[in-house]
Amino acid sequence: MLKEMIGNYRDTKMSIIYNLADQDYSLLEEPGFLDDGYLQAKVALLKRHYERIDRQIEHTLKYDKDDSYKVEKCKAMIEKRNDIIHQIVFFSSNSLTNLEDCERLLHGSNSNFLLCIKGLKAYRDHDFAEAFQCFYNFFIANGDCLDHYSINKVYGILLFQAKQYDVAAAFIRRAIEKRPEDLELHKLMIEIYTLLDKNPERKTHENILELLEDV
């Protein structure tokens, strides 16, 4: 039954984790799966929203009466447009091939999410010390994991390399929530739980890995 469930996973995008192991160990709290198709569709939708608001701003500036209402109206639309830009960057940066475009979109912004973009770029370019420092600075200022597959995966790997195993596990778990089919992440969790001598948790990921490799 488990293999049948895993075999249907790629089509149904259902949670594969709740039913995988008989240990009392929940890997996913609220699954929110990502795949390339979803990300592309999400970014395309956001771009359409951006273009619509941009046209509304242009129309308002050109035709509305010059008064305080016009100023406030434009201010609200510009804030909304900027929020859409940040959403586009957030989703697009899950692919390391989009990082230059993301950096360009945030140019001139005071968003500290730029630290994450720089961290991803440094990791992609094998400057692991710089990548670690960028993510460290970001999370010191902002707290816990983001709901972002690539950032959680990359920083989790860097934390694992720094032998910060408990913290690494927290980030990798969040990455798995988004892409539970990522074999590399489960292999990392097996290594971490082996080092931490957490055998039930290690066994859970061994079960998952075995089943995913059979798909």
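Remarks
- Contact annotation: no residue pair with Cβ atoms under 9 Å, 6 or more positions apart or on different chains, pairs a residue in segment 38-57 that is farther than 30 Å from LYS70 by Cβ and touching a residue at least 40 places away in the same chain (Cβ under 8 Å) with a partner that is surrounded by fewer than 16 Cβ atoms within 10 Å (Cβ to Cβ) and β-branched (Val, Ile, Thr).
- Qualifying residue in segment 165-177 (condition: farther than 20 Å from ILE208 by Cα, in a loop (DSSP other than H, G, I, E, B) and at pLDDT 95 or above): no
- If the condition is being over 19 Å from ASN137 (Cα atoms), surrounded by 14 or more Cβ atoms within 10 Å (Cβ to Cβ) and aromatic (Phe, Trp, Tyr), then segment 67-122 contributes only PHE91.
- Where LEU212 falls short, out of the listed (1) buried (at least 20 other Cβ atoms within 10 Å of the Cβ); (2) in a helix (DSSP H, G or I); (3) modelled with pLDDT under 95: (1)
- Segment 123-161 - residue that is touching a residue at least 40 places away in the same chain (Cβ under 8 Å) and either assigned to a helix (DSSP H, G or I) or not acidic (Asp, Glu) (or both) and, of those, surrounded by the fewest Cβ atoms within 10 Å (Cβ to Cβ): HIS148
- GLU130 vs. criteria out of contact with any Leu (no Cβ under 9 Å at 6 or more places or on another chain) and in the same structural domain as LYS178 (by TED's automatic domain parsing): yes
- Those residues of segment 178-209 which are among the acidic types (Asp, Glu) and assigned to a helix (DSSP H, G or I), in sequence order: GLU184, GLU191, GLU201, GLU206
The values are calculated or read from the model by the stated rules, or taken from the named source; none is laboratory data. Not measured: the values here are computed from a predicted model. Note: ideal-geometry Cβ built from the backbone for every residue, glycine included; neighbour counts use all protein chains shown.
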